[in-house]
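The values are calculated or read from the model by the stated rules, or taken from the named source; none is laboratory data. Here the structure is a predicted model, which is why all the values come from computation and not from measurement. Note that each Cβ is placed from the backbone with ideal geometry, even for glycine, and that neighbours are counted across all protein chains shown. In case anyone asks, the SASA skips ligands and DNA or RNA and just uses the protein heavy atoms, side chains included. Shrake-Rupley method; radii C 1.70, N 1.55, O 1.52, S 1.80 Å.
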Amino acid sequence: MEPRLQLRYRQLVLEHLRVSDPVAAGIHALAVPGLADGFAAVIGAHRFLYNDSATLPRLIEPLHQLARQWRQQAPRSWGLVVHDWSLLSYPSHQRKTDQTKVNNGRGYELTTLLLVEGSAGQPVAPLEVRLRSAKGVFSSRTPAPGKKAYRIDEVLHSMQAVADLGLDGPLVHVIDREADALAPYRAWQAAGQHFLVRARGSRKVRRQGEELSLADLAGRLSFRRCREVTYKGHKAVQHVAEAEVVLDRPAWRHRRRGGRVINERVPGPPITLRLVVSRVCDPSGRTLAVWYLLTNLPAEVDTATAALWYYWRWRIESLFKLLKSDGQQVEHWKQPDGEVIAKRLVVAAMACALVWRLERQPSAEAVALRSLLVRLSGRQMKWGKESTAPALLAGLWVLLAMLEALEQHSVEELRRFKQLVLGTAEEDSG
């Protein structure tokens, strides 16, 4: 982009380094000495988001650069590419006429690929953002999917796009149960992509010549204690087991045509995968959750690590929370169409990625900065918790606004302003 748009992009990212309120989720001026400055910030953002040169593939590039920087610092570490879908709902926004049906809801379907470091489970940056509306799919990936493209069909295209980003080093794509389908497994395997997918317990596989469900097979395996984890805010213990399985049945592809669901039988060669079963129990041994994970990860990645990587899939939920109720309040944005919302989403995602980069930094200076930002945010942390991303966002806004104020006023002036307020308060109380 031209330098003027680059400066506006940087300003917009800074203006999204904050936690918004549902009733005030619009563009915020970083410093507002007068009403005109806040209005100018809104007008500047509007012109940027509607500029034809500010395309989604261009806006995502700074996030790709953050991902490449991470790879340079950790060239041999595994990267987890987490795929997920989320509904953006605007039930009371009548001006958004391009909302579409998404499962049982209505709004826009947000698709995100989030890079998470495999060594510590910390998020790095979104690698792809797509928003499906009634008009079409607005995508940071080119070419964009068609309006009627199916989620599961687009996963391979997204995998290939990630492979073209230059993130040299091992990557594994981590996806929840909605990606449990045999035809895609075969396609991903043939394309040389590593994947880790949660499967249904009823899925049929073959082991040592016998066909049985994953749930029945798990009942025959020997589990070993793996690690202590947190499950829904409570302490729990994770146990794991593994077996090699063969998937040799024909696949079924479900498609909707003319208002009807068409089931297509798709034959294919047998494929051999690793079944990793993760069982989470409370301290008394009662089972809280069981995950059946199918993967083609190499043997160098042990069972416990594969289970941990799927456990870290929830990091993408933290991104959605930062974009929604815990941070940017995307479901209260006033932009009237999906394309502009998608552009602003990528800008907001850059603000989240900067916060994550600060979270990952181990230096003493970074620790001190995180402590300062938590204090500026006014938020309380759980015992033993240093900081949270929403607290850092809230504190960053206060810090940046404070620095802007120091550039416009001397410390003596600010102290006089403080005294003016406190003095008035004392007079009122007296």
| task | Keeping all protein chains in place, calculate the accessible area per residue for the stretch 245-344 (probe 1.4 angstrom), answer in Å². | result | 46
| request: Can you check how the C-alpha radius of gyration of the stretch 168-208 compares to 2.2 N^0.38 Å, as a plain ratio? | output: 1.28
| query | Could you give the dipole magnitude of the chain about its Cα centre, charging the beta-carbon of Lys and Arg +1 and that of Asp and Glu -1, in debye to the nearest 20? | reply | 1540
| said: Filter LYS148/LYS204; LYS101/LYS232; LYS232/LYS382 down to the pairs with a C-alpha to C-alpha distance above 19 Å, please. | reply: LYS148/LYS204; LYS101/LYS232
| Looking at the chain, do any whole DSSP H helices span at least 30 angstrom along their long axis by alpha carbon and average -1.0 or above on Kyte-Doolittle, and which? | 338-360
| said: Checking the a/c ratio against 1.5 first, then a/b against b/c, what shape does the Cα gyration tensor give for the stretch 202-267? | reply: oblate
| note | By the Kirkwood definition, with r running over pairs of different Cα atoms, the stretch 371-418 has a hydrodynamic radius in Å of 11.8
| Pick from GLU365, GLU244, GLU211: which is most flexible by mean-square fluctuation in a GNM of the chain where alpha carbon atoms under 10 Å apart are linked? | GLU365
| request: Measure off, as a whole percent, the carbon and sulfur share of the 1.4 Å-probe accessible area of the chain, all protein chains present. | output: 51
| Placed amide H near GLN328: partners under 5 Å, 5+ positions off or other chain | SER20, LEU323
| query | Let a ≥ b ≥ c be the square roots of the eigenvalues of the Cα gyration tensor of the chain; is it rounded (a/c under 1.5), or, if not, prolate (a/b larger than b/c) or oblate? | reply | prolate
